[in-house]
Each structure stands twice: as C-alpha cells, then as structure tokens.
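One structure is given here, and the rest of the page talks about it.
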There are 2 protein chains.
Amino acid sequence: MTAAAASRPAFADTLLNALGPDSVLTAPDAIAPWLADWRGIYRGNAQAVVRPRTAAEVATCLALCSAERAPVVPRGGNTGLCGAATPDSRAQNVILSLDRMKAIRAIDTVANTLVAEAGCILGDLQRAAADAGRLLPLSLAAEDSCQLGGNLATNAGGVNVVRYGMARDLVLGIEAVLPNGEIFEGLRPLRKDNTGYDLKQLLIGSEGTLGVITAASLRLYAATPERQVVVAAVNDAGHALSLFELIYAKCGPRLQAFEYFTDACVDLLLEQVPTARFPFGARYPAYVLIELADTADAAALEALLEQVIGAALEAERCVDAVVSSSLAQINEMWALREEISEAQRADGPHLKHDVSLPIESIPTFLETVEPRVRRLCPDVRPIVFGHFGDGNLHYNLSRPLGSPRDFFQHEGEALTAEVLDEVMRYGGSISAEHGIGQLKREYFAKYKSPLEQRLMREIKAVFDPAGIMNPGKIF
Amino acid sequence: MTAAAASRPAFADTLLNALGPDSVLTAPDAIAPWLADWRGIYRGNAQAVVRPRTAAEVATCLALCSAERAPVVPRGGNTGLCGAATPDSRAQNVILSLDRMKAIRAIDTVANTLVAEAGCILGDLQRAAADAGRLLPLSLAAEDSCQLGGNLATNAGGVNVVRYGMARDLVLGIEAVLPNGEIFEGLRPLRKDNTGYDLKQLLIGSEGTLGVITAASLRLYAATPERQVVVAAVNDAGHALSLFELIYAKCGPRLQAFEYFTDACVDLLLEQVPTARFPFGARYPAYVLIELADTADAAALEALLEQVIGAALEAERCVDAVVSSSLAQINEMWALREEISEAQRADGPHLKHDVSLPIESIPTFLETVEPRVRRLCPDVRPIVFGHFGDGNLHYNLSRPLGSPRDFFQHEGEALTAEVLDEVMRYGGSISAEHGIGQLKREYFAKYKSPLEQRLMREIKAVFDPAGIMNPGKIF
C-alpha cells in the first residue's frame, strides 16, 4: 500500500475501484478547487469528487454512497450563489459533478424538443437550438458557465421568464438517479401525459436533495430573430408598472423581457465598468429595458414598438426613451442591465436579496422597505434591479461609502432580516429564482408554513430515506 | 327520532350537524343523481353528498371524514369520462361537491392573474377574463359544464395546449384542503417562488387522491381578438406532420390550435349531426384545422396565413384548403371538429382512447395500430381525431355497422389492450389529458414503471395516511 492509499479513506477506494481513477478524484490537491462556492462565501470538505460519464455510473456512485451512508453533494456549474452545491464541513462528503455528462442526445425541429445531459453548459444548448433554427429561451447571466442539471435542480429563471416561464416550464421529461441508485426513466418528450402524479416536478427545484437529474427533454420554441429593444426612463416604480401594463396589453406574446434598474445602479456601472455606455443625455430616477421579439416582420415590430412607446411618452408613463436600431446597440443596452452585478461585485462585498412580489406591490414595497433598512443603517446603498415583469427584484445592498470591506459581516444579518420580513408582509417570496441552498435555510424555516415544511420533509424521506442527498440544503 | 333519521347512518348525522342541512344531502332520492358518471358507465353508492361553500367547510368535512375513516370522493363537473368523480360501491362513501364554491375572488389586468374557486364553470372564467380584456386559454369541449377544480385535479388539456400548455401550466398557486382538514395556503400569484419543493404540482393531476383543491390563481394572457382559421385537406398523417412543421416555423407564437380528423369522422358527422357543414366540394383522406391568433393587426395575420398555406399547397404538404373569412365561418369550422364526439355518441356505444405519442410517431403508429385492431375485429370503425400539434390522438373505435349495441361489452377490453399496447411501443402515454380514474387503472398498473408506482404510493401515504381520498382511482 502506498502512502497516498494509506491516507485515503477506505470508501474512496471503493468508489475508485467501481468507477476507475479517471472518474474519481481523491487527492487533497485535486479536490480542493471543488470545495468552495463561486463567491467563496461557503467552503466545506469531501473525501472524493466523482465525475461520472453516464447515468449508470451516477447510479453506481449513489448506490455505493447509500450503502455507506456517505453524504452526496451534486454539483453543476457552481453558479447558484446560495451554497447549494458546496459541501458542509464533514470529511466524508462525496461531491458528484455532472460536468462530464455533456452530450446533446437529440434536437428535433418537428417535435420542437431538445434532449440533453445534465452537464451541458446552458449557452451551448442555446447555440445548438439556434443552429437548428429554434429557440431555447432559458437565458441568464451565468449562461456560459452554468449547467443544465443545476438549472433544473434550482428551477432557474432569468430574463425571458415573462414570456416563456421558468426552467420548470421548459421541461417535458427528465432522467434522474435516486439516492439508492434506481434510475427514474422519465425522458419521454410528450406534451401531454396524465398518468398519475407528475414526479419530475418534485425533482425540479429540489436543489439536489431528492436525487440527481442526469438528462432532460426540453421544449424548444420558434426562433425570434426580429428584435427590438428600448430603454425607457421612468420617474419611479409606479410608472414602470403602468408602462408594463400598457406594453403587455399592446404587444402580448412579443414581450420577451421587461427589466428594471434604478439610477443608483447606473452610478455603480459608470464607476466600475469602463465599457458601460449610458444612452441618455440626462439622468432619471429609474429605467426599464424592454425587448420585443418575433418570428418575422421586422418592420411591423418596429412600428409596434414606436407606437406603444409614443403612447407611453404621451401618457407620461415614461419620460424618455431610446430605441435600438442595430444589434450592436441592442447588445450595449443589454450590457447596461447585465453588468450591474459585475459593477456591484467590483465595488466590494454586498448583500444580495433575490425576492419576488405580487407585481403591483413593487412600488409600495420599495417605498416601505427603504426606511426599514435605513433605520438600521442610514448610509447603506440599495442597488435595486431585476426582472420587473415577473415581480422579481434583486434588492441588493452595497455598503456605505468609506465603510470597511467586512461591514456586512456585522450588519448583514439584521439587514437581510428586515428586507425579507418586508417581502413577506406583501405576500412575496424570499427566493425568486436562486433557491434556498445554505444561504436562506433559516428564513425558509422561519417563513415557510409548518404544513409545507412537514410535507417537504416527508417527501424527502420517501425519496431519500437514508438522508444522504445534499444534507444541510433547504432544510 | 323520525323514521328518516333512524334509517340514516350516524356519521351522516355528524356531517349534517357540523355543516347544516343546506350543505349535506342524505336522502337516497337526493343522492341518486350524484352516483353515476356522465356517460353512465360507472355507478356507485354514498351515504351523503356534501356541498360546502368555503374552504373552511371543506376542511370541517374532511377532518370529520378522516376521523371516521369515511372514503371521500371529490366531484367537479363530472365531465372527466374516466370515472374519477364516481364513488365505488361502498355505502359509506361521502361525495364532496365543490359546485357551490364559485366565486371569482380577483381578476388583475396588471399582474395578469385570475383567482377563482374550484366550483367555477370554466366557460364563466373564460368570459370573465375576456370581459377584462384578457385571455384564459384553457379551452375544451366540456367548458360550459366542467369546473375549475376538476380541470386542475385532472390537469386538463384541450385545444390550445399547443400554444399555452396544459391546465398545470396556467396555475400560479392553489388553495387546497388535505385529508386531515389542514388548509394548504398556496394561492399567492407569484411568477417566481423557489422556496423548496413545488407541492402544488402534486395536487394538480392527482385526481382527488391527495386532497381537495378549493381555489387557484391562474395566469391570464393578452387577448388575441384577431383570428384566422383554415381547414386543410391532407393525404395522410405524414403530410399533416410536415404541415405542422411548416406552420410552426413560420407562425411561431401565433399558432393557437392544430387539430386533426380523418374522413371517417366526416362520415359520422354528416350522418349524425344535421347542422354540420363540410367546407370542401370533394372528400379527402384527412383534415387539419389550424387557428392562428394575435393581439392585433388582422391584415398581417391574414397575409401570413395565406402565404404559408400557399407554400404548403405548392409543396403538396396539403392538397386543398379553405380559409375562414368571418366569425360565423370560424365557428362552423370549429363545430366540424368539436362535434365529432357528439356524432360518435349519437352513433352508439364506442371505445375512447385518449392517448399521446411523440408527434413524429403518429403516422407510423396509425399505420401499425390499425392492423392490430382489425386482426381482432375486421369491421371495427376507427374514428381518429385529436390535438395533433400536441401529439394527442383520440384513437376511438366505433362498433361494426349492424353489430349489436353491446358489442364492446364483449370485445372492448381486448381492443383497448391492443391500442394501448401499441401506444406504449412508441413511448407514448395511455392517458394524454383525461387521467386514469377508474377507466385505466389496470393499464396504469401494467405500464407505469414499478419505481414510479412505488413513489406515487408513498407520496399518497404522506398526504393521506388514512387512505380516505378517492379510493380506487389511479391506483
């Protein structure tokens, strides 16, 4: 026995023997990069990282972990920001990475479906669909590093939810492996199948606590190459709301995105992102970015947008507007919205609150949450943006100018409690699209009804009686 | 004690005392109309029919039934056709009708949501949405008698699934009562809420076996007043498939319905439905009905339809086509498709098979299933129609001309077994939109994987440990 083998736990050897050295990492140096989340907020331990190439290998791994009672932490692209894919501190954890299961098994332009494995990068799937003349509408900031399996395990959202729904809404079928190693064969891409409970819905959004999604059949849509984007300046969130109502009534199915950001976001952008191009000559309290998209007839789409924006300006639902006239301009406008996160990161440590509200409550929520936050911390900087059309705000907080970088280590918890408490007062959700993970466990326990928590725990016990799947996440 | 009370079981008295005589029927004459399904195929017994007015009264009823271990059969509009809302033969059954819970609690044209109670008639909800300038897209033949609660409990489908998805896809939230009387408060109409397992998805499509849906928050869509309908004649299902591909690629989000029916359906229609108007001068092997709809611009929609139908005729994807030019004609064309069921009923007893297939398998399935059926019964008449764009066929069989009305009492089971077995060979579903109920229990047991059956039974035990909810349905 070599020295390396001697220091290796016996169960890691079992995994190595079953799956081969190519698929199992056990050396501390090899494991180290897998132990932290993307932001470096969470860090844990593990005895092995397993990187299977097939659902059968996933099944082998899980059956062995089940027998051993070894905790399993499934991992996709590690971009969820809630610590759901980071192990806890126990040395016996096994990290199960799907990153080598990246086959696109089928693209079908008659049935309008795409069947892909969990390790596929979302952006690659979007491009494969586009190459086939179809649209995979799931689109989010991390799309060039997140993986399909993680997207489904967290029921990802993004910028096109207002038109196409969440990741859940795109799923026709899944293949998954249960903790005991049984394979759930549910990939059939049927549009209609009313034969008992829809079990795949439990696995979608379960953050790896019930089993491991290994592949999925997704809906594709007709490509929408004709695009029109406008950035409109508004006096406040109430006006953004009235603009949303008008745009949806007039444009209906063409409304692809309706995003919101405040002028404080623009401040940060202009400070931190040298490439940012602000399209107005003056500054306004807030902005919305609206995208319309259609399968055909660019001229009709342009005319429609001009007409509704004209009506909105006349009715003072917005106070200024810049319409895109080229793909370069469209990309510049989107960069403005999409680089807010990067600008906030560059500015230093901050608090993220991915919340949703009944859309009509957004203006009042914004009015009432700010005094609560400022009572605790008068100079905190709210950086508010998000998917307004879905009622989804990223109500983030940056630290007071001149305060130390560890400011939120002391003040963060109390501020988060104020924000989430105010969200709940309006019947909102403490996690719109990122999930619970480790980040929001205590708030899940606080706000989710006892009935729902009990049902979830009992369902967890049905799928995972030994409790090996992603312990310490959600619950 | 009166004679009537003496003959009444004691538990019915308990229900009467708790809910009042206005809400509880116990006289055999009063109960009798509630004991059979719509087609009169299933018939059972019950000690009481309870008609609560509020979720709290539903909770009272279920808590009492739970304590008594009395079986509960939830009932909506009784239009599901699978016997899911009909009690079994036991005298202790309690029928729970939601027909008096018919309030529309809210319609919101900013959030585009409708909150309604389970007893609302679907057609009333469609009209309420239309009056508010919005579309509730769930649409099916029974819409003027089916109830929302039943639509959700069976995850209903219908003619607009190709564009808007199933009933499940329209649900933002539900309120439901669990068997022990606890109320699941999940009505919040949020577009995004990733806080644990999505429990409402289990209740949707569970056919009353897990609990009772008492209200729901539904998505509304922009109204699409501009409509164009075409009936196209095709040489076979393969050509219908190629037409579908063309239409979807060109019309994308405007494609509202893509229905199919064979010439044998037209024979029945012309025989049995005096008002039927066939739009062609000649007869063809099969037909598709296509509806396009949009929020605005009638001229553009008409031009689009003419262009794609022109292209389809030129490429011989269809051989003839009649385009609607008025609402009257649109209604006439739809009547042709929608009255096939009525024509088949008028023709006499028949077998219904509501199946779905991967859409590309439909032509081959139709080629291979017919010889299987004819081997058993050479003169049986396949009446094939359905929601082709969703892969959903009603592969119905009418009895041979001149055969006795009870023909299928002897031959039905073997024929159904052939049809469903062939569906499964193509990876299809034995129930596309009607559910399992009592009708397909044995096929559910035969075809659903043992793993899925086990998980469903264990989930059933989580929600309904005493097993009182709708016994003998699905499982």
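Going by the conditions given, is A:T368 hydroxyl-bearing (S, T, Y), away from chain B (no Cβ under 14 Å), closer than 22 Å to A:L243 by Cα and assigned to a helix (DSSP H, G or I)?
For A:T368, the condition - hydroxyl-bearing (S, T, Y), away from chain B (no Cβ under 14 Å), closer than 22 Å to A:L243 by Cα and assigned to a helix (DSSP H, G or I) - is met.
Counting only residues that are more than 10 Å from chain A (Cβ to nearest Cβ) and touching a residue at least 24 places away in the same chain (Cβ under 8 Å), which one in region B:463-475 is nearest to A:R454 (Cα to Cα)? Give the steps one after another, and end with the answer.
So the first thing to find is which residues in region B:463-475 are more than 10 Å from chain A (Cβ to nearest Cβ), and the list is B:464, B:466-473.
Restricting the remaining residues to those that are touching a residue at least 24 places away in the same chain (Cβ under 8 Å) gives B:464, B:466, B:468-473.
Working: B:D464: 13, B:A466: 17, B:I468: 20, B:M469: 19, B:N470: 23, B:P471: 24, B:G472: 26, B:K473: 25 Å.
Of everything passing the filter in region B:463-475, B:D464 is nearest to A:R454 (Cα to Cα).
I need a count of the residues in region B:423-462 that are open to solvent by less than 10 Å² (accessible area, probe 1.4 Å), assigned to a loop (DSSP other than H, G, I, E, B) and either free of Cβ contacts under 8 Å to residues at least 60 places away in the same chain or among the polar types (S, T, N, Q) (or both).
1
When you scan region B:405-416, do you find a residue that is more than 10 Å from chain A (Cβ to nearest Cβ) and aromatic (F, W, Y), even just one?
Yes, region B:405-416 contains at least one residue that is more than 10 Å from chain A (Cβ to nearest Cβ) and aromatic (F, W, Y).
Looking at B:L357, is it crowded, with 18+ Cβ neighbours inside 10 Å and outside the structural domain of B:G412 (by TED's automatic domain parsing)?
Judged against the criteria, B:L357 is not a match.
When you scan region A:255-361 for strands (runs of 3 or more DSSP E) that lie fully inside it, which ones turn up with 2 or more residues that are out of contact with any Ser or Thr (no Cβ under 8 Å at 6 or more places or on another chain) and not polar (S, T, N, Q)?
Correct list: A:255-262, A:286-294, A:320-323.
Go through region B:225-247 and report how many residues are out of contact with any helix residue (DSSP H, G or I) (no Cβ under 7 Å at 6 or more places or on another chain), open to solvent by 10 Å² or more (accessible area, probe 1.4 Å) and touching a residue at least 60 places away in the same chain (Cβ under 8 Å). Even if it seems obvious, please write down each step before you answer.
First pass over region B:225-247, keeping only residues out of contact with any helix residue (DSSP H, G or I) (no Cβ under 7 Å at 6 or more places or on another chain): B:225, B:233, B:235, B:239, B:242, B:245.
Retained after the next criterion (residues that are open to solvent by 10 Å² or more (accessible area, probe 1.4 Å)): B:225, B:235, B:239, B:242, B:245.
Of the ones still in play, those that are also touching a residue at least 60 places away in the same chain (Cβ under 8 Å) are B:225, B:235, B:239, B:242.
Count: 4.
Quick test of your reading of the structure: B:I183 fulfils all but one of (1) over 29 Å from B:I359 (Cα atoms); (2) of a type outside the set (F, W, Y); (3) surrounded by fewer than 24 Cβ atoms within 10 Å (Cβ to Cβ); (4) within 24 Å of the chain's Cα centre (by Cα). Name the failing condition by number.
So B:I183 meets the others, but not (4).
Based on this model, can you work out whether B:T214 counts as of a type in the set (V, I, T), within 14 Å of another protein chain (Cβ to nearest Cβ) and either within 23 Å of the chain's Cα centre (by Cα) or farther than 26 Å from B:V288 by Cα (or both)?
When the stated conditions are applied, B:T214 does not pass them.
For region B:47-64, enumerate the residues that are more than 14 Å from B:L16 (Cβ to Cβ) and either in contact with a strand residue (DSSP E or B) (Cβ under 9 Å, 6 or more places away or on another chain) or assigned to a helix (DSSP H, G or I) (or both).
Listed by number, the residues that qualify are B:T54, B:A55, B:A56, B:V58, B:A59, B:L62, B:A63.
Tally up the residues in region A:15-29 that are loosely packed, with under 14 Cβ neighbours inside 10 Å and touching a helix residue (DSSP H, G or I) at 6+ places or on another chain (Cβ under 8 Å), please.
Number satisfying all stated conditions: 1.
For region A:332-350, enumerate the residues that are among the small types (G, A, S) and more than 28 Å from A:E411 (Cα to Cα).
A:A335
Which count do you get for residues in region B:272-330 that are surrounded by fewer than 17 Cβ atoms within 10 Å (Cβ to Cβ), in contact (Cβ under 8 Å) with a residue 60 or more places away in the chain and closer than 30 Å to B:P349 by Cβ?
Summing the residues that are surrounded by fewer than 17 Cβ atoms within 10 Å (Cβ to Cβ), in contact (Cβ under 8 Å) with a residue 60 or more places away in the chain and closer than 30 Å to B:P349 by Cβ in region B:272-330 gives 2.
Filter region B:374-404 for residues that are more than 21 Å from B:L269 (Cα to Cα), within 14 Å of chain A (Cβ to nearest Cβ) and free of Cβ contacts under 8 Å to residues at least 60 places away in the same chain and give the result.
Passing the criteria: only B:G391.
Answer yes if at least one residue in region A:33-49 is acidic (D, E) and open to solvent by less than 20 Å² (accessible area, probe 1.4 Å), and no otherwise.
For region A:33-49, residues acidic (D, E) and open to solvent by less than 20 Å² (accessible area, probe 1.4 Å): present.
Please determine, by comparing only the residues of region A:193-209 that are more than 7 Å from chain B (Cβ to nearest Cβ) and assigned to a loop (DSSP other than H, G, I, E, B), which one is farthest from the chain's Cα centre (by Cα).
It comes out as A:T209.
Being in contact with a Ser or Thr (Cβ under 7 Å, 6 or more places away or on another chain) and on the phi > 0 side of the Ramachandran plot is true for just one of A:G427, A:G391. Which residue is that?
Exactly one residue qualifies, and that residue is A:G391.
Tell me, yes or no, whether region B:121-135 has at least one residue that is within 24 Å of B:V159 (Cα to Cα), under 20 Å from the mean Cα position of the chain (by Cα) and of a type in the set (D, E).
yes
The values are calculated or read from the model by the stated rules, or taken from the named source; none is laboratory data. Every value quoted in this text rests on a predicted model; they were computed, and no experiment measured them. Glycine also receives a Cβ, built like all others from the backbone with ideal geometry; neighbour counts cover every protein chain displayed. What goes into the accessible areas is simple: the full protein's heavy atoms, side chains included, and nothing from ligands, DNA or RNA. Shrake-Rupley method; radii C 1.70, N 1.55, O 1.52, S 1.80 Å.
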